[in-house]
Amino acid sequence: MQDARGLYYHPLPANKKERMYVRERAGQVEFRLWNQENPQVWDKHEWLTFDVIQQAAAQYKGQGDSPLALYDLDVALALIREERLKKAQAVNTPSS
C-alpha cells in the first residue's frame, strides 16, 4: 500500500491505525512507524535500518513478543520490488 508518506504495511493486521513505512536508501531497507492514535511517534523517531532494528531486538528482555515482530523484512522487500516494477512499467508504457 502507499500514501503520501510512502510505502507501508500494517505490522499488526488487525490494527489499521498503525502503519509501518518502508523505503530503500543506499541499498538498505529502512522502517518508520506511524500510529494514528499517537502521531508523535512519527515525529520523534527517524528511519531505522533493519540492522539497527535487529541489534535493538537482540537486547530486548521484556515479556511477550519481541519488537522485531513488527518489522517484516520480507514484506518490506516485496513492497519495494512492486513499486520498482510499477515505475519501470510506467516508463516503458507508450503515451496515448
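Taken together, the values in this text are just the output of simple stated rules run on the coordinates, not laboratory data. The structure presented is a predicted model; accordingly, all values stated were derived computationally and were not measured. All Cβ positions, glycine included, derive from the backbone under ideal geometry; neighbour counts span all protein chains shown.
When the chain is treated as a GNM with alpha-carbon contacts under 10 Å, the residue of 69, 57, 14 showing the greatest mean-square fluctuation is 14.
Whole-Hz Karplus values for the range 41-56 come out as 4, 4, 6, 8, 10, 7, 5, 10, 6, 5, 4, 5, 4, 5, 5, 5 Hz, taken residue by residue from phi with 6.51 cos²θ - 1.76 cosθ + 1.60 and θ = phi - 60°; glycine and proline positions read x.
Summing charges over all other residues whose Cβ lies under 10 Å from the Cβ of residue 32, with Lys and Arg as +1 and Asp and Glu as -1, gives +1.
Shape annotation for the range 2-92: C-alpha extents along the principal axes are 50, 27, 24 Å, from largest to smallest.
With contacts defined as alpha carbon pairs under 8 Å and 6 or more residues apart, what's the relative contact order of the range 2-92 in percent?
Details: 105 pairs, mean separation 22.3, N = 91.
Dividing the mean separation by the residue count of the range 2-92 yields 25 percent.
Distance from the alpha carbon centroid of the range 1-16 to that of the range 30-90 works out to 10 angstrom. Here r is the Cβ-Cβ distance between residue 4 and residue 61 and R0 is 30 Å; the resulting FRET efficiency, rounded to 0.05, is 0.20.
Each Lys and Arg Cβ is given +1 and each Asp and Glu Cβ -1; about its Cα centre, the chain then shows a dipole of about 220 debye.
Report the calculated FRET efficiency for residue 85 and residue 41 (r = Cβ-Cβ distance, R0 = 30 Å), to the nearest 0.05.
0.50
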